[in-house]
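Structure first, commentary second.
The values are calculated or read from the model by the stated rules, or taken from the named source; none is laboratory data. Since we're looking at a predicted model, the values are computed, not measured. FYI the Cβ positions are ideal-geometry reconstructions off the backbone, even for glycines, and counts take in every protein chain you see. Areas reflect the complete protein model, heavy atoms only, side chains present, ligands, DNA and RNA absent. Shrake-Rupley method; radii C 1.70, N 1.55, O 1.52, S 1.80 Å.
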Amino acid sequence: MTDLSRLTGVPYRSLQNYFSRRTEMPALVYLKLCAQLGLDPFYVKEESFKIEYLPLRRALLDTVGHHLPTHDFLADRSMTLVPYSGPERSSQELWKDAGTVAHFVARAYDHERERQLQEPLNDENEDEGSPNGAPIDDAKR
């Protein structure tokens, strides 16, 4: 709590009162704590991490375009993503495929964030934005 107090600027005694539920935590304090802990502020309310599908779909179309994977329905009614190499799809087909890929990405994101919450905090191996903490080389994108 000492570190949280120092990092957020919220007095130590106030944090004690908020966490012991003696006093109600103001929203601004909650947001500051979430930012320092790397926690999505909506997680507590929703109990899961949610990515907004519309912006994600648009981002997928903007970055991947016609190379966006499509999907196949399997016999067990599950879906799998498959590379697409056919003729150019209509904007409606692309939009549909972007929604499917967005669903897969959001579900994987939810699982990853849940896994991170289960791990102990460790500042030494802090993620640098890519798997295993390896820096991302923007030139290779």
- Only helices (runs of 4 or more DSSP H) wholly contained in segment 1-50 count here; list those with 1 or more residues that are modelled with pLDDT of 95 or more and out of contact with any strand residue (DSSP E or B) (no Cβ under 6 Å at 6 or more places or on another chain). 12-19
- Mind checking which residues of segment 11-70 are within 23 Å of Val105 (Cβ to Cβ), open to solvent by 80 Å² or more (accessible area, probe 1.4 Å) and of a type in the set (Lys, Arg)? Lys45, Lys50, Arg58
- Cβ pairs under 8 Å, 6+ apart, first in segment 96-111 and closer than 13 Å to Leu54 by Cβ, second open to solvent by less than 20 Å² (accessible area, probe 1.4 Å) and of a type outside the set (Val, Ile, Thr): Ala98/Leu68
- Pairs with Cβ under 7 Å, 6+ apart, first in segment 19-44 and closer than 18 Å to Asp3 by Cβ and in contact (Cβ under 8 Å) with a residue 24 or more places away in the chain, second open to solvent by 60 Å² or more (accessible area, probe 1.4 Å) and aliphatic (A, V, I, L, M): Gln36/Leu7
